[in-house]
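Asker: Starting off with a structure, shown below.
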Amino acid sequence: MDNLTNTLITQPDSFGRQWIYVTDSQVRDHPKGHFGVFIWIICLWFACVGGLEIVLGSISSMPRLVFGVLVFITSAGLVLRNRLAYLLALFVPMIFLIRFFSQATSYGTTIVNPSQYYDLINALVAVGVCFYMFEGDRPNFVFRRRYRSYRAESSSE
């Protein structure tokens, strides 16, 4: 019993949800600590979009090139389970939303630029990726080394 109290330490987050924190070795030993299909797809999406942004940035602008390198590095960091890459995966895709909404005033005109569709699709994917990376059980377990404690929530009511 004394051993159980040492390992089941819950800490509430800013929303009041209880989390149990574990070590990196415990995560790697657990079957849920391995990447699932969605995390591999997200890593692949970051790599492909980052590579495309690098190519487009090399012929258009330096900020786009830097953004592409940052997105590509995020992909590599996610594969390596880097916690900084996890944070970048949450915030870097917001550039797609900013770019999409900055061009949104030109929607409804007779000429639609193909880059608007590109930014729209990436903005929609970015919202889904960020939601899954922030709320998903597996990303929280793999990258943040924590899992939800439903027992602590039910006992507090």
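Asker: May I ask you to derive the FRET efficiency for Tyr132 and Ser61 from their Cβ-Cβ distance with R0 = 25 Å, giving the value to the nearest 0.05?
Answerer: Efficiency for this residue pair is about 0.25.
Asker: Taking 7 Å along the Cα-to-C-beta vector as the label spot, tell me the Ser25-Phe101 distance in nanometres, rounded to one decimal.
Answerer: 4.6
Asker: Give the residue list of chymotrypsin sites (Phe, Trp or Tyr not before Pro) in region 58-107 that are DSSP loop and have at most 16 other beta-carbon atoms within 10 angstrom.
Answerer: Those that pass, being in a loop and sparsely packed, are Tyr107.
Asker: Working out 0.36 nm times the residue gap between Leu84 and Cys48, then minus their Cα-Cα distance, what length gain in nm do you get to one decimal? Can you show the working numbers first?
Answerer: On the way: separation 36, 0.36 × 36 = 12.96 nm, distance 1.97 nm.
11.0 nm is the gain from fully extending Leu84 to Cys48.
Asker: Work out the FRET efficiency for Ser115 and Leu70 from their Cβ-Cβ distance, taking R0 = 22 Å, and round it to the nearest 0.05. Display every interim value, and only then the final one.
Answerer: On the way: r = 19 Å, r/R0 = 0.86.
After rounding, the FRET efficiency stands at 0.70.
Since every read-out is calculated from the coordinates, none of them should be taken as a lab result. On a predicted model such as this, the values are computed, not experimentally measured, just so you know. When we count neighbours, we look across all protein chains shown, and the Cβ atoms used for this are built from the backbone with ideal geometry, even at glycine.
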